[in-house]
Amino acid sequence: MLPFDGNELRIITVIVILAVASYYDVKSREVHDILWVIGGVTGVILLIFEENVLSFVVDMGIAMIAAPIALVLWRTGLFGGADAFAIIIISFITPGLTLSGSDILPTTILTNSALLFVLPFMINFIRNGIRLLRHDVMFEDFDENIPRKIVAMFVGFKAKNAKFAFSIETGQKQKKFSFSLHNADTTKFNEKKNIWVTFATPYMLFILSGFLIQIFYGDILFSHI
């Protein structure tokens, strides 16, 4: 038994791990696997000192429902491998923990993160809209209809030299948009200039934010249903 609140230690541990992972995700879009090994070992040590191990393991098993979902999202390209491991570590160390007293679902981190993930698309659309109002040349040589141009304004932008981005345009004289999924684990970043791209979003930031919201507020989606 720990001489202090074990839940608080668990929460702090996960926040530190996610903060470090977020730093490297923003810096290089890569998170070393050693971080998840450290998280797993720490989780085992904390489990040894747990007062009611059986009850905690049950909570862990329920929280782990989110793990296969995260792995499927990884394999389909919606998640990076590090993002999936982050969800597993959260489920392992802090299954269903919150300081808000709100009801928490096994998928709370996923839903909180997904809702926050919408924000960059809205910001992207506003930024492109401002460029259109300024009469910037954005769709030159593109043979696309208006709906697909609108989609492009949400998911991408024309960049002179974007770092950590994927090209979403194809062709030369008659250009087209490609909205296929990109994954930094398997796809090389764009190296061309003056081209429409979509950012390789550091999703770890959204997972960290989603976790903090769970701890101090609860489940955004569940609380509004």
query = When you go through (1) crowded, with 21+ Cβ neighbours inside 10 Å; (2) of a type in the set (S, T, N, Q); (3) touching a residue at least 60 places away in the same chain (Cβ under 8 Å) one by one for residue 201, which number turns out not to apply?
reply = (1)
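Evaluate the stretch 78-86: report whether one residue or more is under 27 Å from residue 222 (Cβ atoms) and either surrounded by fewer than 17 Cβ atoms within 10 Å (Cβ to Cβ) or out of contact with any helix residue (DSSP H, G or I) (no Cβ under 8 Å at 6 or more places or on another chain) (or both).
Going residue by residue through the stretch 78-86, those that are under 27 Å from residue 222 (Cβ atoms) are 78-80, 82-86.
Then drop every residue that is not either surrounded by fewer than 17 Cβ atoms within 10 Å (Cβ to Cβ) or out of contact with any helix residue (DSSP H, G or I) (no Cβ under 8 Å at 6 or more places or on another chain) (or both), which leaves 78.
Looking for residues that are under 27 Å from residue 222 (Cβ atoms) and either surrounded by fewer than 17 Cβ atoms within 10 Å (Cβ to Cβ) or out of contact with any helix residue (DSSP H, G or I) (no Cβ under 8 Å at 6 or more places or on another chain) (or both), one finds at least one in the stretch 78-86, hence yes.
Do we have any residue at all in the stretch 14-29 that's assigned by TED's automatic domain parsing to the domain that holds residue 86, basic (Lys, Arg), surrounded by fewer than 12 Cβ atoms within 10 Å (Cβ to Cβ) and under 21 Å from the mean Cα position of the chain (by Cα)?
Of the residues in the stretch 14-29, the ones assigned by TED's automatic domain parsing to the domain that holds residue 86 are 14-29.
Narrowing further to those that are basic (Lys, Arg): 27, 29.
Subset that is surrounded by fewer than 12 Cβ atoms within 10 Å (Cβ to Cβ): 27.
Narrowing further to those that are under 21 Å from the mean Cα position of the chain (by Cα): 27.
Yes, some residue in the stretch 14-29 is assigned by TED's automatic domain parsing to the domain that holds residue 86, basic (Lys, Arg), surrounded by fewer than 12 Cβ atoms within 10 Å (Cβ to Cβ) and under 21 Å from the mean Cα position of the chain (by Cα).
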Filter result for residue 178 (crowded, with 17+ Cβ neighbours inside 10 Å, polar (S, T, N, Q), over 18 Å from the mean Cα position of the chain (by Cα) and outside the structural domain of residue 27 (by TED's automatic domain parsing)) = no
note = Screening 117, 56, 85 for residues that are assigned to a helix (DSSP H, G or I), under 16 Å from residue 213 (Cβ atoms) and not aliphatic (A, V, I, L, M) leaves only 117
request  = For residues that are exposed (fewer than 12 other Cβ atoms within 10 Å of the Cβ) and not in a helix (DSSP H, G or I), tally how many sit in the stretch 31-53.
outcome  = 3
request  = Would you mind stating whether residue 184 is surrounded by 17 or more Cβ atoms within 10 Å (Cβ to Cβ), part of a loop (DSSP other than H, G, I, E, B), among the hydrophobic types (A, V, I, L, M, F, W, C) and not assigned by TED's automatic domain parsing to the domain that holds residue 99?
outcome  = yes
note = Scanning the stretch 187-225 residue by residue, the ones that are on the phi > 0 side of the Ramachandran plot and assigned by TED's automatic domain parsing to the domain that holds residue 148 total 1
note = Subset of the stretch 50-65, residues of a type outside the set (S, T, N, Q) and farther than 17 Å from residue 84 by Cα, comes to 50, 51, 53, 54, 56, 57, 58, 59
inquiry  = Cβ-Cβ under 7 Å, sequence separation 6+ or interchain: first residue in the stretch 213-225 and under 15 Å from residue 8 (Cα atoms) and surrounded by 15 or more Cβ atoms within 10 Å (Cβ to Cβ), partner among the hydroxyl-bearing types (Ser, Thr, Tyr) and modelled with pLDDT of 90 or more. Which pairs?
reply    = 214/98; 214/108; 215/98
request  = Please enumerate the residues belonging to the stretch 127-138 that are loosely packed, with under 11 Cβ neighbours inside 10 Å and not in a loop (DSSP other than H, G, I, E, B).
outcome  = 130, 133
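The values are calculated or read from the model by the stated rules, or taken from the named source; none is laboratory data. Not measured: the values here are computed from a predicted model. Positions of Cβ are generated from backbone atoms using ideal geometry, with glycine treated the same way; all protein chains shown enter the neighbour counts.
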